[in-house]
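Asks: My questions will all concern the structure given below.
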Amino acid sequence: MTTTRAKRENSVFATCLSSLDSDSQRDLANRVQTGLLAWFATNRRDLPWRRTRDPYRILVAEVMLQQTQVDRVVPYYDSFLDYFPTISSLASAPTGEVIKLWAGLGYNRRAVNLQRTARFIIDELDGVFPRDAASLRRLPGIGPYTAGAIVCFAFEQDVAFLDTNMRRTLHRLFFGVDVPVLTATERELVAMAASIMPVGSGWEWNQALIEFGALQCTARRPACVICPLQAECKAFPEIQGVIALLPISSRRKVETPFGGSNRYYRGRVVDALREMDSEHPTGIDLASLGTRVRDDFGDEDIPWLYQLVQGLARDGLAAVAEEKPAYDAGVPDSGRPIRVKLP
Ligand code: SF4
């Protein structure tokens, strides 16, 4: 970051915090807090992770929610915790079992990282869950949002953090229209998130912000007409007009077509390994695996598949058993005894 930009951000950061010291800004903050919390009291969904303060259960929920919609997560969350009710049960399970249970949720690395975190807490921390965001950030797959969410939702600390919904809501309320691009920096938004949080109500406040962004102030169809925060919202006068002028492709969320990409085939391979796991406990050879993931698979595709499963093995999503020949043959061909299975 350049010195000039750093100075600007530091200055805005300070302004952001101190701005709530003036009477008018404090009044604005009070109205937003009261309005948002009242909205949450009426509109909140009864989600299973809102009924617990168990850090393990909060961790499972937050990892599942990282890239998956709430409605899809609920049944997976319940069945995962039926199967692995405690952090020690997850830590001691074979990784293949965890990956199998993750089937349908996608982004399988989350399952592996979740178990790595459980194992680290059991093995290295004597089963004691870290209670601060900095310690949580050192665990696999835990970024600033998830660390903040665990500290706030499990230990009820007043911690500011941002997910997409929270970021959008705060931006519109205090900085104005957020499309086509945000005008506030992440630093400014985090500073605002910290300064607007009602003291002692971090749990409720952060849940309310998330819910408001998910249900009321949505990305492309904010319900401004019935919004209780109209009068306080800086974006309100313009947001509907700006969204209407956006190109259709950016107004509607388009599913990224990733069929045929490496990511797509990684998912297909993990799905195939899940399906054949009980049938072939010692694994499956590359040629047989290839025909399960691609209709047009041929021997010439063996090197490609080999690279793919090596990448999965590095990420903890596959185990590759390979008998090395006496000479260096480079990339394997279909005759080399390589077997792949879930870890
Ligand atoms: S008025 Fe519209 S843009 Fe502003 S907070 Fe309410 S829903 Fe969001």
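Derivation of every value follows stated rules applied to the coordinates shown; laboratory data play no part. None of these values were measured; they are calculated from a predicted model. We place every Cβ from the backbone using ideal geometry, glycine too, and count neighbours over all the protein chains shown.
Asks: Where in the chain is the longest stretch that carries no GluC sites (Glu not before Pro) classed as loop by DSSP and with at most 14 other Cβ atoms within 10 Å?
Replies: The reported range is 1-155.
Asks: Within the range 147-253, report the trypsin sites (Lys or Arg not before Pro) that DSSP leaves as loop and that have at most 16 other Cβ atoms within 10 Å.
Replies: ARG220, LYS234, ARG252, LYS253
Asks: I'd like the orientation of helix 3-19 relative to the chain: the angle between its Cα long axis and the longest Cα principal axis, in ° from 0 to 90, rounded to 10.
Replies: The helix 3-19 is inclined about 50 degrees to the chain.
Asks: Treating the angle as unsigned and between 0 and 90°, give the value, to the nearest 10°, between the Cα long axis of helix 144-155 and the longest Cα principal axis of the chain.
Replies: The answer is roughly 70 degrees.
Asks: Where Lys and Arg each count +1 and Asp and Glu each count -1, what net charge lies around HIS171 among other residues with Cβ under 15 Å from its Cβ?
Replies: 0
Asks: While we're looking at this one, here's another question. Kindly provide the pair-distance distribution of the chain built from C-alpha pairs, with 20 Å bins from 0 and whole-percent values in order of increasing distance.
Replies: 26, 48, 24, 3
Asks: For the chain, the longest stretch holding no chymotrypsin sites (Phe, Trp or Tyr not before Pro) located in a DSSP loop with at most 11 other Cβ atoms within 10 Å is which?
Replies: 1-257
Asks: A further question follows. Which distance in Å, rounded to a whole number, links the C-alpha centroids of the range 258-321 and the range 147-182?
Replies: 38 Å
Asks: How high is the relative contact order of the chain, given as a whole-number percent (alpha carbon pairs under 8 Å, six or more residues apart)?
Replies: 17 percent
Asks: Let me know the volume per residue of the alpha-carbon convex hull for the range 74-171, in Å³.
Replies: 114 Å³
Asks: I'd like the orientation of helix 109-124 relative to the chain: the angle between its Cα long axis and the longest Cα principal axis, in ° from 0 to 90, rounded to 10.
Replies: In the chain, helix 109-124 runs at an angle near 90 degrees to the longest axis.
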